[in-house]
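Working notes, structure below.
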Amino acid sequence: MSKPHLELTGVEMSFDTPKGSFIALDNINLKIKKGEFVSLIGHSGCGKSTVLNIVAGLLQATKGGCILDGHEINSPGPERAVVFQNHALMPWLTVYENVELAVQQVFRKSMTKQERRSWIHHNLELVNMAHAANKRPGEISGGMAQRVGIARALAMKPSVLLMDEPFGALDALTRAHLQDSLMEIQQDLNNTVIMITHDVDEAVLLSDRIIMMTNGPAAAVGEDLYIDLERPRNRVTLADDPTYVHYRQEVLKFLYEKQRKLESITPRRNNQTTGTNMQKDTVPAAKA
Amino acid sequence: MSTLMNTNSRIRRFGGLKALTDRFTGVELAQTGKQLVLPMVGILVFLGFWHLAAPQVNTSLGSFPGPAQVWEQSGQLWQEHINQRERADKFVTMQKERNARILAENPDAEVKIRSYPGAPTFVDQIVTSLITVMAGFLLATAIAVPLGIVLGLNRHLQAAINPLIQIFKPVSPLAWLPLVTMVVSATYVSDDPMFEKSFLTSMITVTLCSLWPTLINTGVGVAAVNPDLLNVSRVLRLSFWTHVMKVVLPSSVPIIFTGLRVSLGIAWMVLIAAEMLAQSPGLGKFVWDEFQNGSSQSLSRIMAAVLAIGFIGFVLDRVMLMLQKKIAWNE
Ligand SMILES: Nc1ncnc2c1ncn2[C@@H]1O[C@H](COP(=O)(O)OP(=O)(O)OP(=O)(O)O)[C@@H](O)[C@H]1O
Ligand SMILES: [Mg+2]
């Protein structure tokens, strides 16, 4: 096999806190191929966002490093576009202008004005948001705003698309819809994607590979599960596909048996996240 | 019998009216009512109270003026302004004619063009005050917004400057004024001054007192930009200038505007005090002159000025609010 597209070697991350340094990540090693769809899953606070931010260049690893196409990553850049959990659209710009800001910045030299305009529209159409091009983020729903956030990221033609719980704040129906769109888009564009999720079904349905992280502090890669399901995938037919169910169980086992969170062992009343986890199949999110 | 019928029909009419308003604009009408009627009631009650209480207050210049006297004096002030204008126009035309005549007789003669020497009227003073306050406010904004952005972006600088802001913010205009006066007279020396010294003194005092709310709010707004948006800016590798103009500034516009409104209010208050003390032309000087004048109408005229000051302050705030609604994205 040739050199990996994206490689994390011996990444350690420690934060300086008032109580001394806090080691969040310890020796993370990952090799990701071009076009691979990778999900990061793990309990809240284990360090998923930290990994993503290191790849994005928003955080600098204290030890080890991250190499993309032979270049070390030490600052953020549009070739590693980020889709944030809460869309992160500029509220004073319209949907169109939000995408335009990114396109202007990335393709200022390589595209003409006309080309940029049609490129913006193309990306809005990709996420089915062309009809709301002139609306402000405050005037559209959360799911729509999230789609624009994805359009903005795709419009940068990133070689890696980084998504931090992109659908976490959405209701189940909208989420399913966006998952399907994302699968289609990824099929077409063949971007490398790293997505953080709390949702086991989402991880299995979308990914080629699920990276399961051990609990922090000093979190590392616990298990690395390849999802060998044919694409395009259909959520309804997969629901009782034995391979699908098997993968799902693998992830659940890891999260609730091997990496069971200490705090969720002590039973607490009035705490919905304890006990009902197994049915909900989601990792308890401690932080909002 | 007839009274009964009358009442009946009145009730019916009332009922009909109510149904009508309900059907059409029940909510809207209630809104307009609240917006218009209640303030009117408030003002009327105040006028009545004033009318009754004023004669009870006796001063060396006679009893305190009631609304009627103040109204009369306001008309008087307006009339004086009109008269003065007419005289000024006449003066100008006469001067022109005279100069034309002189030039016709001797084309090489030097003609003098003098401006009308009459005293400024109440309306002139209002205009002067407005010009001064706008100049001072604009200068304050021109200083406070860029400085606030720099402070908001740099935490260390903010920590260094913050104590100074906290100390200078509560200083009264009256304390600044002597210093400003002395500095202006010492440094602004010119044979052909573009501005009056008194104008500069009041303007700078206004600036010194009014820039703080804008400065503080700009700093806070800039420091409080959503971290996600900052990350977007970093991912896009926006240049510093683009980052400030496209992310930081728009994001802080609403809070900056709140600061600007407070600043303008302070500017207007400070101006009147500064003009009074500095004897620079404007409403403050008008009030002071009337006070020194001590005629029987002085109190009414001062009261008219007080109302004008209040009303102008209100209008200035409304204008700022309109601007804010136009410019700020969260409105
Ligand atoms: N700037 C920081 N300073 C100190 N500690 C931090 C900082 N950022 C993250 N941490 C700590 O590092 C650990 C990992 O944080 P991270 O945000 O990566 O978790 P996560 O897996 O994304 O959690 P969640 O699923 O809740 O988003 C946490 O314990 C967190 O408290
Ligand atoms: Mg996170």
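In nm, give the distance between the simple-model label positions of B:Ala109 and B:Val37, each being 7 Å from the Cα along the Cα-to-Cβ direction.
Computed distance between label sites B:Ala109 and B:Val37 equals 7.1 nm.
Return the FRET efficiency for the residue pair A:Arg108, A:Asn128: r is the Cβ-Cβ distance, R0 is 22 Å, and the value is rounded to the nearest 0.05.
Step by step, r from the Cβ atoms, then E = 0.25.
Dipole of segment B:122-327 (Lys/Arg Cβ +1, Asp/Glu Cβ -1, origin at the Cα centre): which of B:Ser210, B:Val270, B:Val244 lies farthest to the positive side?
The one lying farthest along the dipole's positive direction is B:Val244.
Can you tell me, using C-alpha contacts under 8 Å and at least 6 residues apart, the relative contact order of chain A as a whole percent?
After rounding, I find 24 percent.
Test of the criteria: in segment B:256-331, which chymotrypsin sites (Phe, Trp or Tyr not before Pro) are in a DSSP loop and have at most 15 other Cβ atoms within 10 angstrom of their Cβ?
Answer in residue order: B:Trp329.
Taking only Cα atoms, what is the 0 to 90° angle, nearest 10, from helix A:142-155's long axis to the longest principal axis of chain A?
On a 0 to 90 degree scale, this one is about 70.
Would you work out what percent of the accessible area of segment B:144-265, with all protein chains in place, is carbon or sulfur (probe 1.4 Å)?
The computed percentage sits at 69.
What order do A:Thr197, B:Thr181 take when sorted by accessible area (1.4 Å probe), most exposed first?
Ranked from most to least accessible, the order is B:Thr181, A:Thr197.
Alpha carbon centre of segment A:106-140 versus segment B:148-194: separation in Å?
46 Å
Can you list the residues, at least 5 places off or on another chain, whose amide H is less than 5 Å from the amide H of A:Glu36, using H built in the peptide plane?
Here the answer is A:Val193, since their amide H atoms fall under 5 Å of that of A:Glu36.
Considering only B:Val287, B:Ser129, A:Ala151, whose Cα is most displaced toward the positive end of the charge dipole of the protein assembly as shown, charges sitting on Cβ of Lys, Arg (+1) and Asp, Glu (-1)?
B:Val287
About the Cα centre of chain B, how large is the charge dipole given +1 on each Lys and Arg Cβ and -1 on each Asp and Glu Cβ? Please answer in debye to the nearest 20.
With only Lys, Arg, Asp and Glu charged at Cβ, the dipole is about 1300 debye.
What does the extension gain come out to for B:Met322 and B:Phe91, with contour length at 0.36 nm per residue minus their alpha carbon separation?
In short, 79.1 nm is gained.
Tell me the label-point distance for the pair B:Thr59, A:His71, using the 7 Å Cα-to-Cβ offset, in nm and rounded to one decimal.
The modelled label-to-label distance comes out at 7.6 nm.
Given R₀ = 51 Å, FRET efficiency for B:Gln292-B:Leu164 by Cβ-Cβ distance, to 0.05?
Computed FRET efficiency for B:Gln292 and B:Leu164 comes out at 0.85.
Could you size up the charge dipole of chain A around its Cα centre, putting +1 on the beta carbon of Lys and Arg and -1 on that of Asp and Glu, and report it in debye to the nearest 20?
About 600 debye.
With contacts defined as alpha carbon pairs under 8 Å and 6 or more residues apart, what's the relative contact order of chain B in percent?
21 percent
Which residue, A:Val55, B:Ala224, A:Leu40, has the largest displacement toward the positive end of the dipole of the protein assembly as shown when charges sit on each Cβ (Lys, Arg +1; Asp, Glu -1)?
The residue sitting most towards the positive pole is B:Ala224.
Rounded to the nearest 0.05, what FRET efficiency do B:Val171 and A:Asn234 have when you use their Cβ-Cβ distance and R0 = 60 Å?
The computed FRET efficiency comes out at 0.25.
Per DSSP H run of n ≥ 4, the term is -39500 (n - 2.57); total these for chain B, divide by its residue number, and report the mean residue ellipticity at 222 nm rounded to 500 deg cm²/dmol.
Here the helix-only value at 222 nm equals -27000 deg cm²/dmol.
Between helix A:242-253 and chain A, what is the angle of the helix's C-alpha long axis to the longest principal axis, kept within 0 to 90° and rounded to the nearest 10?
Once rounded, the angle reads 70 degrees.
Quick one: putting +1 on the C-beta of Lys and Arg, -1 on the C-beta of Asp and Glu, what dipole do you get for segment A:1-116 around its Cα centre, in Debye to the nearest 20?
About 180 debye.
Given 0.36 nm per residue, what is the gain on full extension from B:His51 to B:Val127 after removing their alpha carbon distance, in nm?
24.4 nm
The values are calculated or read from the model by the stated rules, or taken from the named source; none is laboratory data. Everything quoted here is computed from the prediction, not taken from an experiment. Cβ sites come from the backbone with ideal geometry, for glycine too, and all protein chains shown count toward neighbours. To get the accessible areas, we keep the full protein, side chains included, count just its heavy atoms, and leave off ligands, DNA and RNA. Shrake-Rupley method; radii C 1.70, N 1.55, O 1.52, S 1.80 Å.
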